[in-house]
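K.L.:
Quick one: the structure is below, and I'll ask about it shortly.
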Amino acid sequence: MARKSDNMKPAAGSNDFIEARLFPSRNDCVYTSCYCEENVWHLCSSVRDTQPEELGKCFCVFISNHSQTIPLWEQTASNREDGLVVWGSDGSSVYDLDTRLDFPCPFQQYVRQGIQSCASLKPEFQRLFRVIPAEEFLSTFASDRSHMLDDDGKWLKPPPAYPCIKTLDSANNIKEFMSMDPKVGVGKVMDFWQFCDNFLEKKDNS
């Protein structure tokens, strides 16, 4: 991904940054409300199919904590749901289909406005971040959508029309991705400062 200076948005016209061309426009992306993990799986799949050389620069991030009460800002939904975003490590861009910010959004702007600092948050609202390379996410994530059923077996939110995502090894492992136990699942669990330092170091050293 092309480097851009802090707080700069992708330029319009023929000189667009590579990040802006990784995906279709926000409205043309595969999207189902409240199925954010599947939306991001399809974002990653789009990169794999159209620009596989860029897939290694993309990461998926589950944001949660042990009590599953996380504040996020600038989200189109008003409730506090777990948020899943795709981060481009080299270009420091965020692709979040549920944000009111730009798509893509520069890393620092998204952290400043969408995530915001952890300094003033109560302990129960501190966020943790499970960071997973996009290629690993594509090969390991599976969901039968049972977490979206109520006690009577009715959908909490209408499911996507396409088939459930599964792997050769699993039909449903979403709880492993939502868990913030570093001993469970794939990727690496980080706190807020580790998360920011990790991606800023990648950007500065690219």
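K.L.:
Identify all residues within segment 20-66 that are farther than 13 Å from residue 97 by Cβ and charged (D, E, K, R); write none if there are none.
P.N.:
The answer is 21, 48, 49, 53, 54, 57.
K.L.:
Shifting gears a bit: Using the structure shown, decide if residue 163 is open to solvent by 50 Å² or more (accessible area, probe 1.4 Å) and modelled with pLDDT of 95 or more.
P.N.:
Details: open to solvent by 50 Å² or more (accessible area, probe 1.4 Å): yes; modelled with pLDDT of 95 or more: yes.
Spelling it out, residue 163 is indeed open to solvent by 50 Å² or more (accessible area, probe 1.4 Å) and modelled with pLDDT of 95 or more.
K.L.:
Identify the single condition in (1) modelled with pLDDT under 55; (2) open to solvent by 60 Å² or more (accessible area, probe 1.4 Å); (3) touching a Phe, Trp or Tyr at 6+ places or on another chain (Cβ under 8 Å) that residue 81 does not satisfy, given that it satisfies every other one.
P.N.:
The single condition residue 81 does not satisfy is (3).
K.L.:
So which residues in segment 35-69 are in contact with an Asp or Glu (Cβ under 7 Å, 6 or more places away or on another chain), open to solvent by 30 Å² or more (accessible area, probe 1.4 Å) and modelled with pLDDT of 85 or more?
P.N.:
Correct list: 56, 57.
The values are calculated or read from the model by the stated rules, or taken from the named source; none is laboratory data. In this text the structure is predicted, and so the values were computed from the model without any measurement. A quick note on method: Cβ atoms are made from the backbone with ideal geometry, for glycine too, and the neighbour counts reach across all protein chains shown. Please note that ligands, DNA and RNA were not included when accessible areas were found on the heavy atoms of the full protein model with its side chains. Shrake-Rupley method; radii C 1.70, N 1.55, O 1.52, S 1.80 Å.
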